[in-house]
Amino acid sequence: QVQLVESGGGWVQTGGSLRLSCAASGRTFTTYAMGWFRQAPGKEREFVAAINGRGLAIYYADFVKGRFTISRDNAKNTVYLQMNSLKYEDTAVYYCAAGVVITKNKDEYAYWGQGTQVTVSS
């Protein structure tokens, strides 16, 4: 069982930056791939970024390449999402998730946090 708690969301102007954090419970953090997803009102939850247990494999959605960076600190059981050059369309609830394998498919992630709101004003 893994419990995930996101933090770092908030309000920012277009072009600004935020760093999201996701703290995981348990002693097996390194065995899990971690993903970030987001869901805007009226839209399906979509993949943003993912990183494998050792941080050696990373995936990004095309719409965040060059702007967002995913990383993890296994000593702190935490995964991060650094978001730069934020756009209005990045507004969403952002969720972190843990799974056995790194994938862009949300259905492959077994554990989810409660989400953190990111609002980008135009």
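Once the Cα gyration tensor of the chain is found, what semi-axes does its equivalent ellipsoid get, as square roots of 5 times the eigenvalues, in whole Å, sorted largest first?
Values: eigenvalues 101, 38, 36 Å².
The equivalent ellipsoid of the chain has semi-axes of 22, 14, 13 Å.
Which of the pairs LYS43/LYS76; LYS65/LYS87; LYS76/LYS104 have their Cα atoms more than 22 Å apart in this structure? Intermediate results must be reported in sequence, preceding the final value.
Details: LYS43/LYS76 33 Å; LYS65/LYS87 13 Å; LYS76/LYS104 24 Å.
Table pairs above 22 Å Cα-Cα are LYS43/LYS76; LYS76/LYS104.
Among the GluC sites (Glu not before Pro) within the stretch 23-122, which fall in a DSSP loop and have no more than 12 other Cβ atoms within 10 Å of their own Cβ?
In loop regions of the stretch 23-122 (DSSP not H, G, I, E or B), the sparsely surrounded GluC sites (Glu not before Pro) are GLU44.
Any idea what diffusion coefficient the stretch 14-75 gets from Stokes-Einstein, in µm²/s, Kirkwood Rh on alpha carbon pairs, 37 °C, 0.692 mPa s? Please report the intermediate quantities before stating the final value.
On the way: Rh = 13.1 Å.
D = 251 µm²/s.
Of all beta bridges DSSP finds with both residues in the chain, what is the antiparallel percent, to the nearest 5? Numbers along the way, then the final one.
On the way: 37 of 41 bridges.
DSSP beta bridges in the chain are roughly 90 percent antiparallel.
What order do you get for 114-122, 48-56 when each peptide is scored by the mean count of other beta carbon atoms within 10 Å, highest first?
On the way: 114-122: 15.3, 48-56: 19.0.
Result, highest mean Cβ count within 10 Å first: 48-56, 114-122.
Please report, as a whole percent, how much of the solvent-accessible surface of the chain comes from carbon and sulfur atoms (probe radius 1.4 Å).
Values: 3040 of 6380 Å².
Solvent-exposed carbon and sulfur of the chain make up 48 percent of the total.
Just want to confirm a number: the relative contact order over the stretch 14-54, from Cα pairs under 8 angstrom separated by 6+ residues, in percent. Write down the numbers at each step before the final one.
On the way: 34 pairs, mean separation 14.6, N = 41.
For the stretch 14-54, the relative contact order is 36 percent.
Net charge around ASN74, counting only other residues with Cβ within less than 14 Å of its Cβ (Lys, Arg = +1; Asp, Glu = -1)?
Values: positive: ARG27, ARG54, ARG72, LYS76; negative: ASP73.
Overall, the nearby charge balance is +3.
Order ASP90, ASP73, most accessible first, counting only protein heavy atoms with a 1.4 angstrom probe.
Details: ASP90 0, ASP73 45 Å².
Correct descending sequence by accessible area is ASP73, ASP90.
Return a whole-number percent for the relative contact order of the stretch 43-100, with Cα pairs under 8 Å and 6 or more residues apart as the contact set.
21
Around THR30, with a cut-off of 10 angstrom between Cβ atoms, what is the net charge of the other residues, counting Lys and Arg +1 and Asp and Glu -1? Before the final figure, lay out each step's value.
On the way: positive: ARG27, ARG54, ARG72; negative: none.
After counting each charged neighbour, the total is +3.
List the relative contact order of the chain as a percent without decimals, with contacts defined as Cα pairs under 8 Å and 6+ residues apart. Show your work: numbers first, answer last.
Numbers: 312 pairs, mean separation 44.3, N = 122.
Worked out over the chain, it gives 36 percent.
What ranking do 13-23, 93-103 get when scored by the average of other Cβ atoms within 10 Å per residue, highest first? Before the final figure, lay out the partial values.
Values: 13-23: 16.0, 93-103: 20.2.
With the highest mean Cβ count within 10 Å placed first, the list reads 93-103, 13-23.
The values are calculated or read from the model by the stated rules, or taken from the named source; none is laboratory data. Computed from a prediction, not measured in an experiment: that's the story for all the values here. All Cβ positions, glycine included, derive from the backbone under ideal geometry; neighbour counts span all protein chains shown. Side chains included, ligands, DNA and RNA excluded: accessible areas come from the protein's heavy atoms. Shrake-Rupley method; radii C 1.70, N 1.55, O 1.52, S 1.80 Å.
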